[in-house]
Amino acid sequence: MNPKKKSIVQRRGTAAVELAVCLPFLLVVIMGIWEVGRMVQAQQLIANAAREGGRQASAGQQTSANLQQHVVNYLNMNGLTNVDTTMVSLVNKTNAARSDPTTATQLDQFELTVTVPYSAIRYSTIAQITPTTTLTASADWYSMKDSPLTVTTTIPAN
């Protein structure tokens with residue numbers, strides 16, 4: 001028998017064995033990349049929701065409850081469906097007594113914080129392993145509520 005043929009016959013199935021050994025590691029790496037990407041996407045959504053809520057708070061036209069619902073609606077519309085208003089907090093850092101944006105004065109500083117447990121995010125396997133992990137984003141905004149302006153309607157005599 002030719003020695004070259006013998007070495008070829010002995011190497012049959014080597015690729016299948018290599019695949020069987022390497023495939024679990026490869027799948028773990030791919031799943032890890034998937035999870036990190038999903039976490040980054042969710043963090044970006046939460047940061048955008050906090051920014052949108054802060055922008056609404058700066059106008060001074062909506063109450064705290066309306067702002068919380070606005071943030072929850074934003075997150076629900078973008079795929080984070082297990083979020084409720086208890087995960088959104090709004091604090092007036094200038095004067096805690098005026099925590100509602102409708103009662104704030106101009107240039108009051110607001111901090112809107114959104115805290116979502118990672119278990120609320122769909123398509124995630126890390127949530128099964130670490131159920132206490134949370135994603136948090138906050139936005140600081142100044143109230144741009146207009147100051148009342150009084151205009152006299154009388155024409156000066158002089």
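The values are calculated or read from the model by the stated rules, or taken from the named source; none is laboratory data. Note that the structure is predicted; figures quoted are calculated from it, not measured. Please note: Cβ atoms are built from the backbone with ideal geometry, for glycine as well, and neighbour counts cover all protein chains shown. Only protein heavy atoms, including side chains, enter the accessible area calculation; ligands, DNA and RNA are left aside. Shrake-Rupley method; radii C 1.70, N 1.55, O 1.52, S 1.80 Å.
Looking across 30, 46, one residue alone is over 19 Å from the mean Cα position of the chain (by Cα) and under 19 Å from residue 126 (Cβ atoms). It is 30.
Of the residues making up region 70-104, just one is open to solvent by 70 Å² or more (accessible area, probe 1.4 Å), closer than 15 Å to residue 144 by Cβ and touching a helix residue (DSSP H, G or I) at 6+ places or on another chain (Cβ under 9 Å), namely 103.
Just one of (1) among the small types (Gly, Ala, Ser); (2) closer than 28 Å to residue 30 by Cβ; (3) in contact (Cβ under 8 Å) with a residue 60 or more places away in the chain fails for residue 58. It is (2). When you check residue 86 against the structure, is it assigned to a helix (DSSP H, G or I) and either of a type outside the set (D, E, K, R) or without any contact (Cβ under 8 Å) to a residue 24 or more places away in the chain (or both), yes or no? Yes: the conditions hold for residue 86.
Count of region 61-83 residues, restricted to those that are in a helix (DSSP H, G or I) and either in contact with a strand residue (DSSP E or B) (Cβ under 9 Å, 6 or more places away or on another chain) or touching a residue at least 12 places away in the same chain (Cβ under 8 Å) (or both), is 10. Criterion first (open to solvent by 50 Å² or more (accessible area, probe 1.4 Å) and closer than 19 Å to residue 70 by Cβ) does residue 146 satisfy it? No. Looking at 26, 67, just one residue is touching a helix residue (DSSP H, G or I) at 6+ places or on another chain (Cβ under 6 Å), modelled with pLDDT of 90 or more and either open to solvent by 60 Å² or more (accessible area, probe 1.4 Å) or aliphatic (A, V, I, L, M) (or both), and that residue is 67.
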